[in-house]
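Engineer: Provided herewith is a single structure, encoded as structure tokens, for subsequent inquiry.
Just so you know, all these numbers are worked out from the coordinates, no wet-lab data involved. Source: prediction; values computed, not measured. Counting neighbours? That spans all protein chains shown, and the Cβs are built from the backbone with ideal geometry, glycine included.
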Amino acid sequence: MDQAEQLRNIIKASSQPQRPLARVLTVTSGKGGVGKSNTAINLAVQFKKMGQRVIILDADFGLANIEIMFGAVPKHNLYDLIYQGKNIKDIITWGPMDVGFISGGSGIAGMSNLSVDYLTYIIKNLTQLDEMADIIIVDTGAGISDAVLEFLIASGEILLVTTPEPTSITDSYSLLKALNRHPRYSKEESQIKVIANKVSGGHEGRDLFEKLDTVVTRYLKIPITYLGMIPQDVQLSRAVMQQMPVSIQNPESKSAQAYEMMAAKLMNKELNKTLTKRGMAAFFSHIISKR
């Protein structure tokens, strides 16, 4: 039995039907500064208000946006799980409203080069996240790096954040184009949902989506759907400056209410009836399947 087959057997054993499987949402963007991490955090808070257990994986290597916005400094990160023998509970930091987050550090980048024994240990730990959380939100880096594309390929549910700026729309299209060209991307196994951020209102959000959808449909022929919009809101900017999610600091603000509506839409069973939960073992199996 070669290493790849051993790994597939480990993942299969870690994903048995009787085990709980978390829903994995991957939040991404074509460029920085469009509000991607803010979206991840505020959706997490809104899910928590709805009774869901939520953990965020901060995979934006080197920037640590989640911990800065939460005002909390993690003692350990994913690197410590992989290389320092820490277990999954050691590397989770609990932020406001008991939303957990894991700092990725630089650990994930080298996962495809690890031995089967190491991967067995990691996958068994990551499988515990399915028991600890109902929803896991992966906050990727911005742009079209190999690391970002690996996360998007692994995810069955992608939330693409964009803004009305022409460069943001262009960069969102470029990200989808790179994803579509990737040999391991499957449009049948992935749902891409667009979030229009920093817009003046519902009409501008819908117009933004239709501009992107027109070129994506014509040239890439991959399906994307409109999840919703987040309006320009001074309360959101103030909350960021004070290192507190606006959904906690000012739940009556326009932006917090928009996040609430978006979370409710994501939790609507009728709208998401075709969604299949993968869990974290299956998620990471895609990242390391090229070995």
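Engineer: Where does each of Ser247, Ser253 land when they are ranked from fewest to most other beta-carbon atoms within 10 angstrom?
Structural biologist: Ser253, Ser247
Engineer: Please give the contour-minus-distance gain from Lys75 to Gln242: 0.36 nm per residue of separation, less the Cα-Cα distance, rounded to one decimal in nm.
Structural biologist: This chain segment gains 58.0 nm when fully extended.
Engineer: Using the beta-carbon distance between Lys277 and Val234 and R0 = 41 Å, what value does 1/(1 + (r/R0)^6) give for FRET efficiency, to the nearest 0.05?
Structural biologist: Efficiency computed from Cβ-Cβ geometry: 0.65.
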